[in-house]
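What follows is a set of notes on a single structure, which appears directly below.
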Amino acid sequence: MKRITQLASAYRDSKILLTAASFNLFDHLEEPRSVEELASKLGAEPCALEVLLNALVALGFLEKSESRYRNSPEASRYLVSSSEEYLGHWLRHANRGFARWAKLEEAVFGRVPEEESRLEFLLALDRFARIRAEELARAVSLKGKRTLVDLGGGSGAYSIAFAQRYGIAATVVELPDTAPATREILRQRGVENIRIVEADFLSEDFGRGYDAALLSNIVHFLSEDKNRRLCRRVYDALAEGGIIIIHDYILEDSKVEPAEAAIFSVHMMLSSEGRVYSWSEIEAWLREAGFRGLRRIELSETRVVVGER
């Protein structure tokens, strides 16, 4: 399975390198530079450039010291235009080919795949959510808790895992256009004890007095401002002594590790208004909202921050 998933997502690593090479980014990093300095030279958007630079560090093409970036020895040898072993011309050629490869479906089948439905999207995520949900439910005890609200709970995989392990009453909050897909997946799995509330949890009421709130793979979809607002709304929705569980890809404060999270941050920047955030960024939102007793938990592929109301 791992070989298949790695192959299917390999285009991310490739496009990160090809994009940097196509704009001669490495020519400007033989000496350490800050994001702001490099953005000014390249005419790039600073926040987006920082996400790209961190991914290039994760891939081994750049090095980062504090807030400054410079080329790795490999990049200096092959990716700087003054080098005799420069590969940039070939990489720019490969980048132009990237767009042609995106038309492979039309060349073979005469059409592009149909747009992904909500159900297909949730099923795509559910395959891995079911594995990670069991690990999360073991790592974060809800013993003694009675109710859980699962914001943007998708297929319900995490709610099911917690409900089965701790006998807790779980509520999944989903948007009205996604909730029918959630219901269909729960029906297919024979699950009848998960309540579904149709609401936009950023702006609409989703209930109060919960003992625990789960935000699994939610914060990377949202901007920093929306995440701050969401943490405050969750605080208000919890009973005294309730806990918030933020489960996601979470970066070290350097924002270049784990490598998979730094690369996924580029994907989220292109797919949403969000990105992958660091431990300190998430903890700052929680403290601002009033949470205390913050705990960090390492899982096999993801990470967790738990806070108490």
Name every residue in segment 256-295 that is within 18 Å of Lys15 (Cα to Cα) and out of contact with any helix residue (DSSP H, G or I) (no Cβ under 7 Å at 6 or more places or on another chain), in order of residue number. Glu260, Ala261, Phe264, Leu270, Ser271
Pairs, please: C-beta under 7 Å, at least 6 apart or cross-chain, first residue modelled with pLDDT of 95 or more and in segment 1-28, second part of a helix (DSSP H, G or I) and among the aromatic types (Phe, Trp, Tyr)? Lys15/Phe98; Leu18/Phe98; Ala20/Phe26
Please go through segment 113-124 and pick out each residue that is assigned to a helix (DSSP H, G or I) and of a type in the set (Gly, Ala, Ser). Ala124
Look through segment 73-85, keep the residues that are under 14 Å from Ala20 (Cβ atoms) and touching a helix residue (DSSP H, G or I) at 6+ places or on another chain (Cβ under 9 Å), and return whichever of them is surrounded by the most Cβ atoms within 10 Å (Cβ to Cβ). Leu79
So which of Phe221, Phe201, Phe206 ends up being aromatic (Phe, Trp, Tyr) and more than 15 Å from Leu148 (Cα to Cα)? Phe221
Restricting segment 59-109 to residues that are closer than 19 Å to Pro32 by Cβ and in contact (Cβ under 8 Å) with a residue 60 or more places away in the chain, the residue that is farthest from the chain's Cα centre (by Cα): Lys64
I need a count of the residues in segment 166-194 that are more than 22 Å from Leu136 (Cα to Cα), hydrophobic (A, V, I, L, M, F, W, C) and in contact with a helix residue (DSSP H, G or I) (Cβ under 8 Å, 6 or more places away or on another chain). 1
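Let's see how each residue does on (1) part of a loop (DSSP other than H, G, I, E, B); (2) aromatic (Phe, Trp, Tyr); (3) under 21 Å from Gly154 (Cβ atoms); (4) touching a residue at least 40 places away in the same chain (Cβ under 8 Å):
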| site | (1), (2), (3), (4) |
| --- | --- |
| Asp253 | yes, no, no, no |
| Val256 | yes, no, no, yes |
| Phe264 | no, yes, yes, yes |
| Glu288 | no, no, no, yes |
| Glu301 | yes, no, yes, yes |
| Val305 | no, no, yes, yes |
Residues to consider are Arg130, Arg146; find the one that is more than 20 Å from Val234 (Cα to Cα) and assigned by TED's automatic domain parsing to the domain that holds Tyr210. Arg130
So Ala39 passes all but one of these: (1) free of Cβ contacts under 8 Å to residues at least 12 places away in the same chain; (2) surrounded by fewer than 18 Cβ atoms within 10 Å (Cβ to Cβ). Which condition number does it fail? (2)
If you take the residues of segment 4-45 that are among the basic types (Lys, Arg) and within 21 Å of the chain's Cα centre (by Cα), which of them is farthest from Ser81 (Cα to Cα)? Arg12
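Residue by residue, here is whether (1) among the basic types (Lys, Arg); (2) over 25 Å from Gly274 (Cβ atoms) holds:
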residue	(1), (2)
Met1	no, yes
Arg12	yes, no
Phe23	no, no
Phe26	no, yes
Leu38	no, no
Glu50	no, no
Lys64	yes, no
Asn71	no, yes
Residue by residue through segment 101-124, note down the ones that are surrounded by 12 or more Cβ atoms within 10 Å (Cβ to Cβ) and in contact with a helix residue (DSSP H, G or I) (Cβ under 6 Å, 6 or more places away or on another chain). Arg118, Leu119, Leu122
Would you confirm whether or not segment 211-223 contains a residue that is of a type in the set (D, E, K, R), modelled with pLDDT of 95 or more and more than 22 Å from the chain's Cα centre (by Cα)? yes
Select from segment 266-286 the residues that are under 15 Å from Ala58 (Cα atoms) and in a helix (DSSP H, G or I) and list them in ascending order. Val266, His267
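The values are calculated or read from the model by the stated rules, or taken from the named source; none is laboratory data. Being a predicted model, the structure only gives us computed values, none of them experimental. All Cβ positions, glycine included, derive from the backbone under ideal geometry; neighbour counts span all protein chains shown.
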